[in-house]
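Single-structure report; data block below.
The values are calculated or read from the model by the stated rules, or taken from the named source; none is laboratory data. Fair warning: this is a prediction, and the values are worked out from it, not measured in the lab. Counting neighbours? That spans all protein chains shown, and the Cβs are built from the backbone with ideal geometry, glycine included. Please note that ligands, DNA and RNA were not included when accessible areas were found on the heavy atoms of the full protein model with its side chains. Shrake-Rupley method; radii C 1.70, N 1.55, O 1.52, S 1.80 Å.
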Amino acid sequence: MEWFLLVLSGLFSGTIGALVGLGGGVILVPAVLFLGTTLDLIPNITPQSVVGLSVVMMIFIGLSSTLSYMKSKTVDFKSGFIFFIGSIPGTILGAWVNKGLDLPSFNLYFGILLVILSVLLLVRKYLKPVQWFVKHGKKRTFEDGENTYVYGYPVWFALALTFFIGFASGLFGIGGGSMIVPAMILLFLFPPHVAVGTSMFMVFLTSIVNSATHISLGNVPWLYTIPVIPAAYIGAKIGAKLNKKLNSETLVTALRIVLLLLGIRSIIDGLF
């Protein structure tokens, strides 16, 4: 029964993660925690083990998504490497801090993060893009056959930003895409499809470092990776294809509301 639930969780996490550039961990972590600790349907789940499971899964979501987005040439590899370099120390630090969290504390802090992310994603389209970072940073261009986009960022700011994103990724087992994508679109003026593709490339690289750290800490439940990884890989392929074909705004809006509700519920669990 738990393997069937893990397959569904992995498939859904991979699909949604690749569709909107979230990475998948922001879906898998609350889902598996709910099934394992609240409903007691998945044995031996702790905050540390679910984070370990999530970061290993995201290697394959990131790889699958990156390969798909490479075909449509919407991955900015240079920016992805810069973001990855900034995230490395934060990822390692977050993984070490994670080992000291009990379940109520994890639920509380993770819930607060989910609420912040969902609110940011909900109001993103109402916020005006910031021109300052492009004007004072290294400019890059992207052509889609019809339009030419100019975007960019100061490298020092990108490194500082991705350090904090890496910390959240290591601490909570999320890919970081849910934080870097809005920043790339609103602050750095990335075209949305390039932001998602580049985000998934960064998620792939960051998850390798993240996984190595959590493996060294003994946080990965290897038996549970067997159903999750293939399901997540297939889901990421599906999500990347849907991203190219669908106007997914309705689905994305629904996802943001779900994240908000999950965050509120996680905060309540952490407090009471």
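Side notes on the structure shown:
- So GLY235, is it among the small types (Gly, Ala, Ser) and either under 20 Å from LYS73 (Cβ atoms) or open to solvent by 30 Å² or more (accessible area, probe 1.4 Å) (or both): no
- Members of region 62-76 that are within 21 Å of SER211 (Cα to Cα) and surrounded by fewer than 18 Cβ atoms within 10 Å (Cβ to Cβ): LEU67
- Here is the figure for region 31-54: residues that are part of a loop (DSSP other than H, G, I, E, B) and either open to solvent by less than 60 Å² (accessible area, probe 1.4 Å) or under 14 Å from PRO104 (Cα atoms) (or both) total 4.
- Hey, THR162 among the β-branched types (Val, Ile, Thr) and part of a helix (DSSP H, G or I) or not: yes
Yes or no, residue by residue, for (1) outside any helix (DSSP H, G or I); (2) open to solvent by 70 Å² or more (accessible area, probe 1.4 Å); (3) of a type outside the set (Phe, Trp, Tyr):
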position: HIS193; (1), (2), (3): no, yes, yes
position: LEU205; (1), (2), (3): no, no, yes
position: ASN219; (1), (2), (3): yes, no, yes
position: LEU261; (1), (2), (3): no, yes, yes
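- Matching option when the condition is out of contact with any Gly (no Cβ under 8 Å at 6 or more places or on another chain) and in a helix (DSSP H, G or I), among ILE215, ILE185: ILE185
- Residue in region 141-156 that is farther than 30 Å from GLY36 by Cα, among the small types (Gly, Ala, Ser), surrounded by 13 or more Cβ atoms within 10 Å (Cβ to Cβ) and out of contact with any strand residue (DSSP E or B) (no Cβ under 8 Å at 6 or more places or on another chain) present: no
- The listed residue being without any contact (Cβ under 8 Å) to a residue 40 or more places away in the chain and part of a helix (DSSP H, G or I), out of ALA231, ALA254: ALA254
- The set of residues in region 169-182 being open to solvent by less than 10 Å² (accessible area, probe 1.4 Å) and either in contact with a Cys (Cβ under 8 Å, 6 or more places away or on another chain) or at negative phi (or both) consists of SER169, GLY170, ILE174, GLY175, GLY177, SER178, ILE180, VAL181, PRO182.
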